[in-house]
Amino acid sequence: MLEPTSDEPYDPDLDTTFGGAAQLIANQPDGPDLLLAEHRRTSTGECAACSVYRPTDWPCVLVTIARLAQRIVLRQVGR
Ligand SMILES: [Zn+2]
């Protein structure tokens, strides 16, 4: 079972959640590119990957996270 890593209360703020997820993706080799390759726009304007489960408009939340991750990667490369 996973133990909490800190005593800080869970912060449901979306920006924080997106930022943390984007950081995880950015740390994977080609993480953002792989996500964007899967979550591409179909001819009907839906996300190809997410719409497997239910119709989801593109860009989906994962595209948003992947784009954020790309910015993090670019910032790391630029250092
Ligand atoms: Zn998607």
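How many residues, within the range 28-72, are more than 10 Å from the ligand (Cβ to nearest atom) and in contact with a Gly (Cβ under 8 Å, 6 or more places away or on another chain)? Write out each step before concluding.
Filtering the range 28-72 down to residues more than 10 Å from the ligand (Cβ to nearest atom) leaves 28-34, 37, 42-45, 54-55, 67-72.
So of that shortlist, the ones also in contact with a Gly (Cβ under 8 Å, 6 or more places away or on another chain) come out as 68-69.
Looking only at that region, the number is 2.
Going residue by residue through the range 59-69, is there one that turns out to be modelled with pLDDT of 95 or more and in a loop (DSSP other than H, G, I, E, B)?
yes
Look through the range 45-55, keep the residues that are modelled with pLDDT of 95 or more and either touching a Phe, Trp or Tyr at 6+ places or on another chain (Cβ under 7 Å) or assigned to a helix (DSSP H, G or I) (or both), and return whichever of them is surrounded by the most Cβ atoms within 10 Å (Cβ to Cβ).
The selected residue is 47.
Within the range 19-44, work out how many residues are over 15 Å from the mean Cα position of the chain (by Cα), surrounded by 12 or more Cβ atoms within 10 Å (Cβ to Cβ) and either closer than 20 Å to residue 77 by Cβ or small (Gly, Ala, Ser) (or both).
Of the residues in that region, 0 qualify.
Scanning the range 4-18 for residues that are closer than 20 Å to residue 74 by Cα and not hydroxyl-bearing (Ser, Thr, Tyr), which turns out modelled with the lowest pLDDT?
Residue satisfying both the conditions and the ranking: 15.
The values are calculated or read from the model by the stated rules, or taken from the named source; none is laboratory data. Given the structure is predicted, the values throughout are model-derived calculations rather than measurements. Here the Cβ is made from the backbone with ideal geometry for all residues, glycine too, and neighbour counts use every protein chain on show.
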